[in-house]
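Notes follow once the structure below has been shown.
The values are calculated or read from the model by the stated rules, or taken from the named source; none is laboratory data. Quick caveat: nothing in here was measured; it's all calculated off a predicted structure. Methodologically, a virtual Cβ is constructed for each residue, glycine included, from the backbone with ideal geometry; neighbour enumeration extends over all protein chains shown. Side chains are part of the model used for accessible areas, which takes the heavy atoms of the whole protein and leaves out ligands, DNA and RNA. Shrake-Rupley method; radii C 1.70, N 1.55, O 1.52, S 1.80 Å.
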Amino acid sequence: MIRSEEVIGAVLAAFEREPRVNLHKSPIDLRFEDGVLTLSGEVDGIAAKKLALELAAAPRPVSGVVDRLRVAPAERMEDGAIRDHVCDALLSEPVFEEFSIQVVIKQDLEPVRSLMSRYEIQVEVNDGVVILNGIVESISHKRMAGVLAWWVPGSRDVVNGLELAHSEDNDEEVVDSLRLVLEKDPMVNASQLRLSCRNLVVTLDGAVSTESAKSTAEADAWYLFGVNGVVNRIVVLG
């Protein structure tokens, strides 16, 4: 029988080998019981969160992972302010112009925009965690809604529970979604970048003028629902 200390030690060692998971700056609490590993804490960014979850699931004794990791927000905001920002972003995004938008406040649904449409997005925020439910037309709509929620400075996590009317997904869908996201991100010049995806792992190529633009493009790729990895080969000229 493998002891919990051995599993936790193996995962911590894997974290130490991954430079984007900085345990010294952002400690992660690990608990292992009945084959399930629970991760808690606040990490620096979306890449650290997703990589930590992937590494935690790797040891053979681990049969499940409970994600209680949160991302340190760019700005501390109250839940109501985060909810308003998410709704504003959805309302102003053209791809959602035929969608009803609702908010969940104290378990009650309140309309923000009511339309005669089969598509709707429900927005709830608890302790900085944005929860999206409802039904959207495609995986691209689901991914866009998730990224818009992540872009709110106070967001600490996004739980994307949106259901799909059409559930087809492939690497080309990922590339199309990411290209649309990058074109909307004012911090990135999408025309400078080349995108590819294989088995839900995104590769970024191209040249940008700042480290900030490079890291922003990578974060946008990680924000996409379903993306399992990001290879950032962007070159910074300067």
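Here are a few things to note about the model shown:
- Listed values (1) 1.05; (2) 1.20; (3) 1.00, entry calculated as Cα Rg over 2.2 N^0.38 Å: (1)
- In the context of the full set of protein chains, the chain has a per residue accessible area of 53 Å² (1.4 Å probe).
- Of the peptides 160-170, 30-40, the ranking by mean beta-carbon count within 10 Å, highest at the top, reads 30-40, 160-170.
- Per-residue HN-Hα couplings for the stretch 125-136 [Karplus 6.51, -1.76, 1.60; θ = phi - 60°; Hz; x = Gly/Pro]: 10, 10, 6, x, 9, 8, 10, 10, 10, x, 9, 10
- Listed values for the stretch 63-73 are Karplus-derived 3J(HN,Hα) couplings in whole Hz (6.51 cos²θ - 1.76 cosθ + 1.60, θ = phi - 60°), namely 9, x, 10, 9, 8, 10, 7, 10, 9, 4, x, and x replaces Gly and Pro.
- Surface share of carbon and sulfur [accessible, 1.4 angstrom probe, percent] for the chain: 48 percent
- Intensity falloff of the stretch 171-236 expressed as log10 I(q)/I(0), Debye formula with alpha-carbon point scatterers, at q = 0.11, 0.17, 0.18, 0.21 Å⁻¹: -0.19, -0.47, -0.53, -0.73
- Under 5 Å from the amide H of Gly206 lie the amide H atoms of Arg194, Val235, each residue being 5 or more positions distant or on a separate chain, with H modelled from the backbone and absent for Pro and chain starts.
- Amide H within-cut-off set for Val159, under 5 Å, with H built and near neighbours excluded: Val130, Ile131, Leu132
- Count Lys and Arg as plus one, Asp and Glu as minus one, and take only other residues whose Cβ is under 15 Å from that of Arg194; the net charge is then -3.
- Kirkwood hydrodynamic radius of the stretch 4-71, Cα pairs, Å: 11.6 Å
- Placing unit charges on the Cβ atoms of the charged side chains and taking the dipole of the chain about its Cα centre, the candidate lying farthest along the positive direction among Val129, Val62, Pro73 is Val62.
- Around the amide H of Val65, modelled in the peptide plane, lie the amide H atoms of Leu37, all under 5 Å away and 5 or more residues distant in sequence or on another chain.
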